[in-house]
Structure formats: C-alpha cells, structure tokens
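The structure under discussion appears below in the form of structure tokens.
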Amino acid sequence: MKQLVSGNEAIFQGALRAGARYFTGYPITPISEILQQAATHAEEDPEFKFLQAEDEIAAAIATISASLAGAKTFTATSGPGFTLMQEALGWGHAVEAPCVFINSMRVGPSTGMPTQPAQSDLLQIKAGSAGDYYPIAFYPNSVEESFRLTITAFNAAEESLSPVILLADAFLSHLYEVVDLNAIEAEVVPRAKEPLGRSRRLFTGTAHDRMGNVKTNDPEAYRDWLNDLKDRHLGVAEKYPLFEYFPGKNSEILLIAFGITSRIISPLKEQFSVFRPIRIYPVLEKELREIASSYRHIIVIEGNDGQYASWVEWATGRKVMRVPCLGGGFKLQWIRSQIEARLGEVR
Amino acid sequence: MIDRSYKKLLKLNRFPHTWCPGCGIGAVLKNVAIGLKELGWNEQNTTVVSGIGCSGRMAGYMNLDAVHTPHGRALTAAEAIKTVRPDLNVIVLSGDGDLGSIGGNHLLHTFRRNPDITVFCNDNEIYGLTGGQAGPTTPEGTKTITSPRGEHHQPLRLNRILTAKSPCFYARTTVYHVNHFKTCIREALLYKGFSFVDIISDCIELNGRRLGFKTAHQMFKWFDERFHIVEGVRDHLENDELGIVKKEAEVEVKAEAKTEVEGKLEVLIEGLKLLTLEELKHFDGTNGKPIYIGYKGNVYDISASPLFQGEKRMRCHIAGKDLTRDIETAPHGEDLVYHFPMVGRLKVKAEAEK
Amino acid sequence: MYMKPRLNVIWNEIYCKRCIICVEVCPVQALAFERDEIVERPGCIRCYQCERYCPDIAIEVMDEEKR
Ligand SMILES: Cc1ncc(C[n+]2csc(CCOP(=O)(O)OP(=O)(O)O)c2C)c(N)n1
Ligand code: SF4
C-alpha cells in the first residue's frame, strides 16, 4: 500500500527489514523521530531492544557492543552527536563490529543551525577518529532510496565487519514522499560473526594481530592486520559502486551533486550533465576519473565549503569549480547564478 | 586440598601478567576468577568487559570472551551486551579513573538504569598506566605528579553516590581483607541488578613509593589502618568502612509485589546446601576456604567478619562448628549471626542416615 | 624447570615478580627472599597465606598427599 512516508521513517523501516534488533540514540534534531519510532517499536516487539542513551558517546559504544553480542544494531545522530561518536567509530573498526551509524547532517560547526540542512560532515566520516580506518558511507536522495540504502548499509556492514555510515540531511529526514515500502524487495545479508559467549576471544582497540592477541610493539603484525582490514573494506565497497549519471546533450560541463542538492538541481539536467555519487566513501575514484575525462569543466555543488570537491580534485587530478551552499541556503535560483558566475570567470 | 580449578579461567599462557611487582590488580584478577569458578561461570555463559588503564588489562587475561572498550566506556558496553543477551553473565573489570572520571556519566546512568551487571573496580586512588597522576578517588592532600603540593579537591565518594537510590548494591573491600573480598565478590555476582564492588587496591609502583611505602604489604597494612570492616548488610557506608550496602527496590506493598518477593525467597532457600556436621567442619577458613558456622539448624558464612581477616584468620577457632549452644549463652545474642549471609542448612543425624 | 619445589611450597620462578608479599604475610617467617629467589626455612604451618595473597599465582602450598 502506498503511503506518505518521511525519510526518517524509511530509514527506520529499512533497518527493521535488514533485521536490526537494537537501536540506541540520544535526541537531536533532525533524527529525534527515529528515536521515537524505535521506542514505540520496542514496546510492541520484545525481540527489539531500545536504549535512550545518556549521550552519543554511550550510544555509539552501545551500538558496537550490542553488535558484538550478536544483534544487528544501529544508531542515529546529527553532526554534533557524530562528533562525539568518533571515538567509537575508530573502536568499531578495530574490533570489527558490523553495525550502522546514521548521520543526518545539519549546519555546523558545533550547534550551528539545528534545523537547517547541510552536507558538511563528509570529512568527519573518514577523519574524525584516531588512526587509519576505511569506512564505507552511502548517501540517498529520496525517501525510497533511504529505505533501500539503509538495507544496503546493513549488508555492507555484515560483509565488511565494520560500522557503515548512512548519511542523510535535515531536509531528507523530514521529506515526505509517497512510497510503498512493503513492495520494495531487497536482499538481506545474515549475521555471520560469532556472537559473544561462545569462546575465548578478546575484542580490543589495542593493536592486535589477526588472532586477537594484543601486540603493542610489533609493526609487522600491525601492518598485516591493517592491510587485511583495508583489503576487506575496499573489497566490499567495490561491490557497491553506487552512483547516478545523466549525460546532458552536448554539454561540456559536469555538475556533481549528491543528497538533497542533487534533488534541487535536477531541473538543470536539461542544460548540464549531472553526476550523483551515492557511495560517498570510499570515493568513487575510477568512475569519477572516467566520467570527468569527457568534460571541460567540473562544478561541485554541495552543502559545505568544498569537502567533496577536494576529493574530486584528488580523484581526477584536475581543478574543479565549487558552489558551496552554506547555512542551509539551497535555492535553485541562487545555485544557477553561481554556476553562471563560475563559468563567467573561466570563459 | 585447595581448589585451584579457577586457573582454567585465566589465560596462563600469557602469564606473567603485565602489572608491576606487588600490584593489587593481580589479586583482583585472581579472586574474581575464583568467585566465577565457584559459581560455575565459564566461557559459555559469561562475558567480561574492561576499559582502559592498568586495570583495564584484566579482561585480556580472562579465558572468556572479552571486550576491551575505549577509555571509560566499559559500563555502556556491558549494559548493551546484557540487553541483547540476557542469557550472558556480564562482568566489568576496570579502574577507578576509567569508571569514575572519564566514564563518570556512564556510571551515573548505568547505575540509574540498574542493568544486571557486576562491576569490579580496582580502586588504586591514582591513574596508574599514565604514570601516577591524581585521579577522581585520590584523597585530598595526596601528593601525586599532577598535585605536587597535595591534591586540592575532594575525592569522588563512590560509597555515597552509588548508594543514593534503591535498589542498589555497593560493596567496598580491599585486596588485603581477602575473606571479606571474596564474600563481596560472591554476593555481588549473585545480586540481580547493578552491583558495584569498590576494591581498594595498591598501585605500589607509582603511588605507594611516593607515599613512602617500600613494599605492597606495607600498603596493605595502611589499608588496614584506614579502613575497618562493618558486618552485615548496611544501608550506607562511612568513608572509612568496608562492607556491603544492599537496598531493595522501594515497592509499594501491593498484593502482587508481595508474592513476587516471596517467590524469590523460596528459590533462595531451595538453593541452599545441606551440610552435615562433618562437612561443616571442613569450612574452617584454612586453605582459602570460607568460614562457616552452624546456628539453629542453619549455616552462616562469617568469612567477612573483621575478626577473621588477614593473618588473624588462623586464630579462628570457632569455625566449622555448630554454635547454637555457645551463642545462646553469649552476651551479644543472636542478632550478630543474622548479619551474615546464610549459605546452607544443617543436616541432622537422623536425616543424614536416610 | 621453572617450578621450584621447596619444603612445603612450590615456587614459580617465571610468574614471580619478586614483590615479596608472600615473605611478608607469612605469620611464622618461613619464607625468605635470598639471591633473587624465594626460599623456605623450616617452620611452615601450611596456613596458605602466601598462596592466597600472591597476586601472580606464583607460589602454591603443596598438597599434603604429594609430600
Ligand atoms: C580517551 C583517552 N584519554 C586518555 C587516555 C590515557 N589513559 C590511559 S589509562 C588512563 C588512566 C587509567 O586510570 P585507572 O582507570 O585508574 O586505571 P589504573 O591504570 O590506575 O589501573 C588514561 C588517562 C586514553 N587511553 N584514552
Ligand atoms: S602502575 Fe600501578 S596500577 Fe599499574 S601495574 Fe604498576 S602498580 Fe599496578
């Protein structure tokens, strides 16, 4: 049955479809509705557990620990909370716990603009926690896709044995669209990792070898372990090279946009070519390089001051133009004028 | 013969462990392992969680599935594990800095939510691993490397905070008062709900030496001077007392609630061991065994009594006996006995012959 | 062999970190620390204090049968 569903609802329903049995979080705009749904659902379904944590640090740690204990788990937050979750994110990679972190972005830094959408936590996916780690992150741009990608995120988590990040934005979280979630078919990867209480393993954030033995002074063992992890994560990421590409007629200019920005600029598809990365991290390096090669100019339109643009420059080795939509200001009119201005500079 | 089967719960292939000579953490690890073994807890039904610090290394030596969390997050992890796996016994082994300082918020809220986990806090009143800085439990005036003129602030009174609501289970003991320590461990493990054992322990290397102690044993003596054991179950502990605080939930006395409590009691009595007088003699406190006495057909564990601690336990000549007649004639009366946990029933001869 | 039998106790040379808690808790001073080793003098009353207090599981009182 078709229904009016919000982005937050779609994410929650997607998680249930993927088999999630535990949700924990701390209230924050714009994902408080997910908390509310989880709490209500836990009252109805004794198999599903909910914890309103005392802070996002606890929420993130609990998500990972409950996953080690054997449940599929997830948590949701926004930028300020995601900052607090960074510690756990690094730990989750070290102990190889499959779970999903949802970050619905709003304007930062700090409290910023609590109700205004942004896309400014891209670097936080990758660079907020200590050390090297290789996270996987997806970013939908519609309610239906939020549902699908939540399931994909859970699957990628089970395959890579790591916390996978699902990005959204304040706009998408509160966007209502008509969809029939029940009619959507999706494959679900079951839990393979052995739960706690079976053997004598040590799950530790301290450097360890492949067997879980603590090795705090052994570069070789560390390298082996980290390379294994990297290969696995990049291998799983390769299974999901998700993007959308609309080649425009005779266009010399490629617009790159994702999430809510890609929805806003969709009228520009007539005039320009548009590339929408869905797997935000690891960056779609090969795809970007290939597609970009047929364009003279690349313009990245995003809700931050050039975070993805710098990744595109790194991937393609070319200078790109930026249209930063800051402070929650996503207006087609304004974006169009900015594109004109950028092109004016180079013509 | 002393029971050494607890060693199966330790990863002996990783011994000698990482701690300094004389450090109290080894004693905590060992006695917790003994406590778990006595209850038959093993890798099939138990998970251990640690934070970071010297104390946080304990999980790695337990021969169980172990989770070693980031600094301060052990309680959160333990609660989450218990939530999705109620079938597992979850214990936390960590330090005072980890649980009380960086994990302070989690401590308050885990306590508030009262999950069924057991916390053993190695309270050495210092940050050990990082080199001996003042911690949340460092007594006022103590000189450490970050309080060169003496700590300016009052310590966190865990005995006050963790007994501020009902239900609660808080026990304070030391690594020196071994019998009391063991009793606290067992009581805490058996308690349904959040139980916290605050184990005053020695960091001889980075705290003790600065305080002027040459050996761990000298620190033990200092613990004995600073603290004394109070018997029975209390509703609070003073700052110099060792003992057990246990408070039941404040339930309105409804008919429903009452039956529940009664039900629980029955289970408890069924679980009691039946001991003959011969068997009772066995529990005389030697060889690390608890000290039992018989009284009016019941068996009580008096190991926690201050009269039988440390070297004094050897002089315990009433252990392993039925004291019904002695106590009836004694001036202090029977209240004293009821302070101690009842652990069994005495089998009368006729019954034994059957 | 790192398990060194004494008169009444077995001492594990590898586990032992020489904190000498055992020497100090012994109520009859039967244990001593000499030339980096724990040695036993006559007089042990088999009270198990050393074993109970050793944080390193490095000293054990021998079971009577074995003696
Ligand atoms: C986030 C973070 N901050 C600081 C540290 C450094 N650190 C490691 S252990 C420790 C203190 C542990 O003290 P306590 O819990 O009392 O254990 P102890 O070493 O005394 O047994 C600190 C501050 C860390 N590992 N992580
Ligand atoms: S530094 Fe202190 S707490 Fe750490 S192992 Fe040494 S004595 Fe123990």
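The values are calculated or read from the model by the stated rules, or taken from the named source; none is laboratory data. Keep in mind that what you see is a predicted model, and the values were worked out from it rather than measured. So basically every Cβ, Gly included, is an ideal-geometry build from the backbone, and we count neighbours across all protein chains shown.
One table, with the values for the structure above:
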quantity	calculated
Residues (more than 16 Å from ligand 2 (Cβ to nearest atom), in a loop (DSSP other than H, G, I, E, B) and crowded, with 24+ Cβ neighbours inside 10 Å) located in the stretch B:173-193	B:177
Residues satisfying the stated conditions in the stretch B:12-32, i.e. free of Cβ contacts under 8 Å to residues at least 24 places away in the same chain and near ligand 2 (Cβ under 9 Å from one of its atoms)	B:26
Single residue of the stretch B:85-105 satisfying the filter (more than 12 Å from chain A (Cβ to nearest Cβ) and charged (D, E, K, R)) that is surrounded by the fewest Cβ atoms within 10 Å (Cβ to Cβ)	B:96
Residue in the stretch A:189-211 that is nearest to the other protein chains (Cβ to nearest Cβ), counting only those that are among the hydrophobic types (A, V, I, L, M, F, W, C) and not in a strand (DSSP E or B)	A:196
Residue in the stretch A:279-292 that is under 22 Å from residue A:107 (Cβ atoms), modelled with pLDDT of 95 or more and not assigned by TED's automatic domain parsing to the domain that holds residue A:149 present	yes
Breaking point among (1) more than 14 Å from chain C (Cβ to nearest Cβ); (2) in contact with a Leu (Cβ under 9 Å, 6 or more places away or on another chain); (3) crowded, with 16+ Cβ neighbours inside 10 Å, for residue B:219	(1)
Enumeration of residues in the stretch B:194-216 that are more than 16 Å from ligand 1 (Cβ to nearest atom) and either surrounded by fewer than 17 Cβ atoms within 10 Å (Cβ to Cβ) or more than 14 Å from every other protein chain (Cβ to nearest Cβ) (or both)	B:194, B:195, B:212, B:214
Complete set of residues in the stretch B:8-38 that are more than 15 Å from ligand 1 (Cβ to nearest atom), more than 21 Å from residue B:177 (Cα to Cα) and either surrounded by fewer than 20 Cβ atoms within 10 Å (Cβ to Cβ) or within 8 Å of another protein chain (Cβ to nearest Cβ) (or both)	B:8, B:10, B:11, B:12, B:13, B:14, B:15, B:16
Residue match in the stretch A:78-97 (condition: of a type in the set (A, V, I, L, M, F, W, C) and touching a Lys or Arg at 6+ places or on another chain (Cβ under 7 Å))	no
Failed item in (1) under 22 Å from residue A:230 (Cα atoms); (2) in contact with a Gly (Cβ under 6 Å, 6 or more places away or on another chain), with residue A:279 passing the rest	(2)
Residue count, the stretch A:279-298 (criterion: surrounded by fewer than 22 Cβ atoms within 10 Å (Cβ to Cβ) and among the β-branched types (Val, Ile, Thr))	2
Pairs, first of a type in the set (S, T, N, Q) in the stretch B:77-103, second away from ligand 2 (no atom under 14 Å from the Cβ) and assigned to a helix (DSSP H, G or I), C-beta under 7 Å, six or more apart	B:83/A:66; B:94/B:74
Selection status of residue A:29, in the same structural domain as residue A:105 (by TED's automatic domain parsing), surrounded by fewer than 24 Cβ atoms within 10 Å (Cβ to Cβ), at pLDDT below 95 and out of contact with any Leu (no Cβ under 7 Å at 6 or more places or on another chain)	yes
Pairs where the first residue, in the stretch A:288-302, is among the aromatic types (Phe, Trp, Tyr) and the second is buried (at least 22 other Cβ atoms within 10 Å of the Cβ), C-beta under 6 Å, 6+ apart	A:295/A:254
Some residue of the stretch A:59-68 being away from chain B (no Cβ under 13 Å), of a type in the set (Ser, Thr, Tyr), crowded, with 24+ Cβ neighbours inside 10 Å and in contact with a Ser or Thr (Cβ under 6 Å, 6 or more places away or on another chain)	no
Residue within the stretch B:42-50 that is within 14 Å of ligand 2 (Cβ to nearest atom) and closer than 20 Å to residue A:216 by Cβ present	yes
Sole residue being under 24 Å from residue A:190 (Cα atoms) and touching a Leu at 6+ places or on another chain (Cβ under 8 Å), chosen from A:60, A:18, A:38	A:60
Matching residues in the stretch B:296-317 - criterion: being under 20 Å from residue B:229 (Cβ atoms) and modelled with pLDDT of 75 or more	B:300, B:301, B:302, B:303
For residue B:81: the one exception among (1) of a type in the set (Val, Ile, Thr); (2) surrounded by fewer than 24 Cβ atoms within 10 Å (Cβ to Cβ); (3) away from ligand 1 (no atom under 12 Å from the Cβ)	(2)
The stretch A:70-88: number of residues that are within 14 Å of chain B (Cβ to nearest Cβ) and outside any strand (DSSP E or B)	7
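Okay, residues lined up against (1) more than 14 Å from ligand 1 (Cβ to nearest atom); (2) within 8 Å of chain A (Cβ to nearest Cβ):
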| position | (1), (2) |
| --- | --- |
| B:45 | yes, yes |
| B:48 | yes, no |
| B:51 | no, no |
| B:59 | no, yes |
| B:68 | no, yes |
| B:73 | no, yes |
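Every residue, every condition in (1) in contact with a Lys or Arg (Cβ under 8 Å, 6 or more places away or on another chain); (2) at the interface with another protein chain (Cβ under 9 Å from one of its Cβ atoms), yes or no:
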residue: C:17; (1), (2): no, yes
residue: C:21; (1), (2): no, yes
residue: C:34; (1), (2): no, no
residue: C:46; (1), (2): no, yes
residue: C:50; (1), (2): no, no
residue: C:58; (1), (2): yes, yes
residue: C:62; (1), (2): no, no
